[in-house]
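Written out below as structure tokens is the structure these notes cover.
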Amino acid sequence: MTIIIKNGTVVSSDNQYLSDIKVENGIITEIKQNISDDSAEIIDASGCLVFPGFIDSHTHFDLDNGFTVSPDDFSTGTSAAILGGTTTVLDFATQNKGETLTEALQNWHKKADNVSSCDYGFHMAITEWNNNVSKEIEEMINKGVTSFKLYMAYDNLRLSDDKIYEILKRVKEYNGIVGMHCENGDLVNILIKEQLKRNNSSLIAHPLSRPNYVEAEAIARYLYIAKLADAPVNIVHLSTTEGLEEALRGRERGQEVYIETCPQYLLLDDSNYNLDGFDSAKYILSPPLRKRNDINKLWEAISKNYINTIGTDHCSFNIKGQKDMGKDNFSKIPNGIPGVQHRPVLMYTYGVCEGKMTNEQMCSLLSENIAKLFGMYPKKGTLSIGSDADIVVWNKNHKDTITVEKQSHNVDNTPYEGFETIGKAEHVLLRGQHVVKNGDLIIKNQGKYVYRSNKTFI
Ligand SMILES: [Zn+2]
């Protein structure tokens, strides 16, 4: 099966140029102008941008938070992803207490195998640490899991500082990378209690229980622990000015620090917690939405290339039957928002079209950097000869509005309701298969597990 993408503007992290791309047997085999082959399927990309398939390294599909299960599973979640131009997701396989990492990995394969419409891999979230788990790190690396995730908040997930230190040292032996949910769990717990005591029924209680310093303290502590362990770190979903300052301080000390932020921390502010009735519930996520000043600081950090990656932290919950479990107690509202479908169009509209990000930066932040950091480059994350033909033909002119009815996420709300958008994933190739045609998903369930190697990023 041969496909030629004609006359598009091919985007890389440092350049864009007019070219054709030839794809054979799932791989990019030629990149130059005026390629012809009478037997090939032709995709006309005139006037379009051509990006490497976008990669979302932060999704939670089919997530059981102990009370309820997120309605987007790997089937609906990856269908929404690829419709938006995301050809690979990295989800968080999570070790339940008492489980081995091998069992956790098997659980996630059961959820994802044969039903995913884009390629997928897993970070391993470690929630219990002992000698046996330590021995399993090597096996995880051998099974293509080269990144791990730890939590400093949530009592059922978080680990103490000594364990964090040990894990960082152990993962470093294999050149893996540890991502951290940075919030001080003790402080969050006491601040939630304070809010509940005040009987504050407004959902503003949520951000008040997780203020900026709670994130900044955790980032600072994480970075000093990593300094002692002499290990590189990844900070996921950075949301605050103070947290950014701590991360940059780590870099100034010479530490290898990678930073992820998410569209919600660039586009939505905490005024969404002042809505009438229970309407703010759909914005309950952690870290919470912040102030305009934080948003501006994060955009500035993007313009200076301080931020390495943009992921969604997609974790959808319905208002009806799920978020409303916390009607009388804000701390019982399941945390999370949908977003995996909309990340590229939001970043194109509110980043590129508003002059806050170039096409090249969009390519880096949503694809190339992620592939490098998580050991998939140059198979993924670039349009190069020999790379997987994961390709997005991006229509620059399509105008639309995000609504809950139009989204493909399997959930009854979107925090981006009414957001106007520019651009669209008109055609998407997944390893050379033309799976999205004129904006419609025509072939499903073609996603494969990605065996990842070590990061190539510095
Ligand atoms: Zn997350």
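Readers should treat all values here as calculations from the given coordinates under stated rules, not as data from a laboratory. Here the structure is a predicted model, which means the values were calculated and not measured. Methodologically, a virtual Cβ is constructed for each residue, glycine included, from the backbone with ideal geometry; neighbour enumeration extends over all protein chains shown.
A few notes on this one:
- For the residue pairs Lys97/Lys380; Lys172/Lys297; Lys32/Lys379; Lys163/Lys327; Lys111/Lys149; Lys320/Lys406, the alpha carbons lie more than 25 Å apart in Lys97/Lys380; Lys172/Lys297; Lys163/Lys327.
- The ranking of Trp108, Trp129, Trp394 from fewest to most other beta carbons within 10 Å of each one's beta carbon is Trp129, Trp108, Trp394.
- Neighbour-count order for Met124, Met376, fewest beta carbons within 10 angstrom listed first: Met124, Met376
- The stretch 152-245: chymotrypsin sites (Phe, Trp or Tyr not before Pro) in DSSP loop, at most 11 other beta carbons within 10 Å: none
- Using alpha-carbon coordinates, inclination of helix 292-303 to the longest axis of the chain, degrees: 40
- Shape of the stretch 53-373, Cα gyration tensor, a/c cut at 1.5: rounded
- For the stretch 376-458, the list of GluC sites (Glu not before Pro) that fall in a loop by DSSP and count at most 10 other C-beta atoms within 10 angstrom reads Glu405.
- Given charges at Cβ of Lys, Arg, Asp, Glu: the stretch 406-458 dipole, positive-most of Phe419, Tyr449, Asn438: Tyr449
- Where trypsin sites (Lys or Arg not before Pro) fall in DSSP loop in the stretch 1-104, at most 16 other Cβ within 10 Å: Lys97
- When the Cα positions of Tyr258, Val23, Val69 are compared along the charge dipole of the chain, Tyr258 comes out farthest toward the positive end, with charges on each C-beta of Lys, Arg, Asp and Glu.
- Here the simple spin-label model places points 7 Å from the Cα toward Cβ, and for Cys353 and Asn199 these points are separated by 4.8 nm.
- The stretch 53-373 - charge dipole about Cα centre, Lys and Arg +1 at Cβ, Asp and Glu -1, debye rounded to 20: 420
- Amide H within-cut-off set for Tyr258, under 5 Å, with H built and near neighbours excluded: Val233, Asn234, Ile235
- Close amide-amide hydrogen proximity is noted between Ile337 and Cys315, each under 5 Å apart and 5 or more residues distant or on a separate chain (H modeled in the peptide plane; Pro and chain starts excluded).
- Summed side-chain charge close to Leu365 - residues other than Leu365 whose Cβ falls under 14 Å, Lys, Arg +1, Asp, Glu -1: -1
- Computed [θ] at 222 nm, helices only, for the chain once each DSSP H run of length n ≥ 4 contributes -39500 (n - 2.57): -8000 deg cm²/dmol
- Projected label distance in nm at Thr2 and Asn175, using a 7 Å step from Cα toward the beta-carbon: 3.7
- Surrounding net charge for Leu383, when Lys and Arg each add one and Asp and Glu each subtract one, Cβ distance under 13 Å: -3
- Surrounding net charge for Phe61, when Lys and Arg each add one and Asp and Glu each subtract one, Cβ distance under 10 Å: -3
- Label-zone membership for the stretch 116-160, site Ser331, 7 angstrom Cα→C-beta point, backbone N under 13 Å: 154-156
- Helix axis angle, 131-142 relative to the chain longest principal axis, alpha carbon, degrees: 10
- Positive-end residue, the chain charge dipole about Cα centroid, Cβ charges, pick of Asn234, Ala218, Ser286: Ala218
- Sorting the segments 59-68, 332-341 by their residues' average number of neighbouring beta-carbon atoms within 10 angstrom, most packed first, yields 332-341, 59-68.
- Sorted by Cβ neighbour density within 10 Å, fewest at the top, the residues Ser239, Ser367: Ser239, Ser367
- Put the Cα centre of the stretch 395-423 next to the Cα centre of the stretch 252-288 and the gap is 19 Å.
- Helix axis angle, 161-173 relative to the chain longest principal axis, alpha carbon, degrees: 30
- Amide H within-cut-off set for Phe148, under 5 Å, with H built and near neighbours excluded: Met124, Ile177, Val178, Gly179
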